Structures are given as structure tokens and as C-alpha cells.
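Student: If you scroll down you'll find the structure; I have some questions about it.
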Amino acid sequence: MTALDLFPPTRTAALERLQDFLPCAGRDYAARRNYDLGPGRHHGVSTLSPYLRCRLITEEEVLSSVRGRHSAQAAEKFIQEVYWRTYWKGWLELRPAVWAQYQHDLRRLWDDVQTQSGLRDRWEEACKGETGVDCFDAWAEELVHTGYLHNHARMWFASIWIFTLELPWELGADFFLRHLLDGDPASNTLSWRWVAGIQTQGKTYLARADNIAKYTDGRFDARGRLASVAEPRVAPPPPAPGLLPQETPPKQGARTGLLLHPDDLSPGFVLDRVEVAATGLIAAATDIGPLTSAPHAAAFREAAQQDAAGRWSERLGEITPDLRTAAQIANWATAAGLEQIVTPYAPVGPTADLLAEAGRQPEVPPLHQIRRSYDRAAWPHATKGFFPFKKKIPALLSRIG
């Protein structure tokens, strides 16, 4: 089965998956969430992440549904997992320089891959799943073919990539981001930094053969093949948190265009604030690093965007697809005679970079990024580690209907 067969890119599929998972979101999830039983058998987790990544379904919807079925105590582990993704996004929003540094270092390392034959050979073996470490090779193959990995497998994979194969973490983060259907600049980059010991300075994650055997139901035996120590990688300490960008409300009565992008495909909260005369569809980024993304990653987001545009078509005005550059956005705005543009807020990553570039074009009218109340409430608390943030979860949950 292809990645899009396993994860149909529609809101209907997302809602069906949520309904199927709801009975298991409580104590069953807490008991089974760490078990990776292989492709097509990820029944202990929700597998909602590709849909949450582009917000075909939102965190509020998922949390509200879970709370309607389980007590907060019974569903505590799952609720925390949803908020981990929120925390990572908020952390990076307050420190966007970390993303810029990762992109800079990745391009430098890609030059090394092209010029150092030993590094290139080890990188190719890892990406192709030809390392001889059976569990790692199986996960590499699963990722490339399905666009998904169990979260526990992601941690093991990253640890083996960094400490056993001794490859730069940035190249591994890029491999994930190019293939994962739920590949997210914040969650992906910061999780790899955490495994490497630079997100929480000095705290690394070491993959162990006994742990892998236990939580894969004995599918793999990596004894004697894994690093026995995980020395933290060297990196500057994270920068101090800044402030979220200030929001400016759109004007009422102005001729308004909507930019619908693959970071948020539930635009109702924007459309409820302003009437839209025309809509531009920002294409899924494929050049998020030195290499092009896997075809299934872009195909999933583009199909999800078409699904969203179809569902909201009566409120979108004339739709212009496949906007990929700031110049194309400028031409669309001019042709549509727009006086302002609105768009769901794009968190740190390629879409945010494109919107920032578009906003600097003299032909582009004022561009208003509208932040969800969910993000507005949660992100400012991501100033330190997750555990101080976790203390805010009960108050954040109380804001969700």
C-alpha cells in the first residue's frame, strides 16, 4: 500500500480515524503507546499526526473529543502527547533563530556529503536502510514507503543515526522531514536536537537493544550492534525566548484575499472574521532543504489542500492554485485587485519564510496572519522545558469547549 492509501488525505478520513481511536485514548493508550508492532499495526497510537500537521483536523477538535469520552486523568498521556507538539511549535516560535541555524548547518553538511566520500557512503547506507542494523534498516524502509514511523521508533532511529552510525543529526532530521507525512519543522528539528543532547543540554537518548526488543514484541535483536554510550553533541546553548510576532487585525469592508497554505487547512476561524473575494492556494514546499521532498509528502499536503478548498469553496471566491513564490503571490494579489490579504498564521518553517518574503513585495497589500486562540494561549508558555509547560495544561484545557 502507498502512503496515501494508508493515510487518505481528507478531513473525512481524519474524523473517521479519530472516532476509531477514541475508545483507546485513555488507559489503553497509556499501556500500549510505546509498542511499535510494525507497518500497518500501529494500533496503540492514534496515527492522527499527518492530519494534525496540516490541520485537516485541529488539536482543539481532538482534545475536545477525547475529553468527551475519557476523564482528564485517564487520558493524561494522550493529552500530553498532543501538547508536546504544541509545546515544540511554541518553543521554536519564540526562538526562530534555531530553525535558521539548522538550515544553515544542513547546507554546510550537504557540501560535506558531496565532497567526503566516506560520509557520503555512510549517509547513503543509512537512507537506503543498508547499514546491517536490522531494526534501523526496517525503519528506514518503512519511512520511505509509508511516510510514517511510530514515535518510539523515531527516537531509536535518531539515536542509532547519531551515536551508532556517527552521522550528523542535521542530516537525519532532513531525512525525516523530507519523508514524513507529519514532518513538522518544530517537532522534527527539536526532537532530533533532544536526542543529540543539545535541546536539553547534556541530556541524550541512547537506544538500547533490550528496550527495542521489548517494545517491538521481539521483532528485532540488536544486541552487540548499538553504541553503548551517547555523548552529547556540541552546540551553543539555545537562545533566550523572544516574543511572538504582533498580530494586526484585518480591516472590515476592504477587498480581501485569503492565502490557504498546507500548515493550516481549517480556515473557518479566519473566514468568520472577514469576507473573502479571492483565494490563493500556496503549494506544499518541496525544497525545504538541499534535496527535494519525497513525492508522497507533497502529494499528501496538496491533496489535503484540495479537500479543504472543496469543502470551503462557497466562501473562497475565485480560487487560484499552485502559488509557489513571492512574485506569484504578488501577481495574484494584483490581478484580484486586493486591498488586503488574510491567512492562518504559519509557524516557523518554509511557509512562514515564503509569507515573510511576500510581505516585503511592494505589490503585495497588507498581509494579516491570524493566529488561532489555541496557539495564542499556549505558545507563550513554551519559554523553558516541557515540564513547566505541562503545569499549564489544565488551564489550557479549560479554554477548549
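Any read-out appearing in this document is the output of simple, stated calculations on the displayed coordinates, not a laboratory observation. Computed from a prediction, not measured in an experiment: that's the story for all the values here. Every residue, glycine as well, gets a Cβ built from its backbone with ideal geometry; the counts of neighbours run over all protein chains shown.
Student: For the range 2-101, count all C-alpha to C-alpha pairs, find those more than 20 Å apart, and express that count as a whole percent of the total.
Tutor: Considering the range 2-101, 43 percent of its Cα-Cα pairs are separated by more than 20 Å.
Student: Could you sort 34-40, 112-118, 341-347 so that the peptide with the highest average Cβ count within 10 Å comes first and the rest follow in order?
Tutor: Top to bottom by mean Cβ count within 10 Å: 341-347, 34-40, 112-118.
Student: Oh, and also: Do you know the Lys pair count in the chain for C-alpha distances under 18 Å, with sequence separation 8 or more or different chains?
Tutor: Counting lysine pairs in the chain gives 9.
Student: Sorted from largest down, give the three principal axis spans of the alpha carbons of the range 224-269, whole angstrom values.
Tutor: 67, 29, 14
Student: Distance between Cα centroids, the range 277-324 to the range 334-401: provide it in whole Å.
Tutor: About 18 Å separates the Cα centre of the range 277-324 from the one of the range 334-401.
Student: Taking just the C-alpha trace of the range 166-217, give me its Rg and Dmax in Å.
Tutor: Final numbers for Rg and Dmax: 12.5, 32 Å.
Student: A further question follows. Quick one: Debye curve from the alpha-carbon atoms of the range 148-286 only, equal weights, vacuum; give me log10 I(q)/I(0) at q = 0.18, 0.20 Å⁻¹ to two decimals.
Tutor: One equal scatterer on each Cα of the range 148-286 leads to -1.04, -1.18.
Student: Right, here's the next one. Using the beta-carbon distance between Gln252 and Glu357 and R0 = 30 Å, what value does 1/(1 + (r/R0)^6) give for FRET efficiency, to the nearest 0.05?
Tutor: With a Förster radius of 30 Å, E is 0.65.
Student: What span do the alpha-carbon atoms of the range 85-233 cover on each of the three principal axes, reported in whole Å from largest to smallest?
Tutor: Per principal axis, max minus min of the Cα coordinates gives 41, 37, 31 Å.
Student: Using only Cα atoms, what is the ratio of the radius of gyration of the range 281-401 to 2.2 N^0.38 Å?
Tutor: Normalised Rg, Cα atoms only: 1.27.
Student: Tell me, what does the Kirkwood hydrodynamic radius of the range 270-343 come to in angstroms if you use every pair of distinct C-alpha atoms?
Tutor: It works out to 13.6 Å.
Student: Rounded to two decimals, what ratio of Rg to Rh does the range 44-148 give with C-alpha atoms and a Kirkwood Rh?
Tutor: Checking Rg against Rh, the ratio lands at 1.10.
Student: Just order 2-9, 54-61 by mean Cβ neighbour count inside 10 Å, highest at the front, would you?
Tutor: Ranking the peptides 2-9, 54-61 by packing returns 54-61, 2-9.
Student: Helix-only estimate, please: 222 nm mean residue ellipticity of the chain, summing -39500 (n - 2.57) across DSSP H runs of length 4 or more and dividing by its residues, to the nearest 500.
Tutor: -14000 deg cm²/dmol
Student: Would you please put 66-73, 168-175, 361-368 in order of how densely packed they are, using the mean number of other Cβ atoms within 10 angstrom per residue and starting with the highest?
Tutor: Packing order, densest peptide first, comes out as 168-175, 361-368, 66-73.
Student: Would you mind estimating how fast the range 56-108 diffuses translationally, via Stokes-Einstein at 20 °C and 1.002 mPa s with the Kirkwood radius over Cα pairs, in µm²/s?
Tutor: For these conditions, the coefficient is 163 µm²/s.
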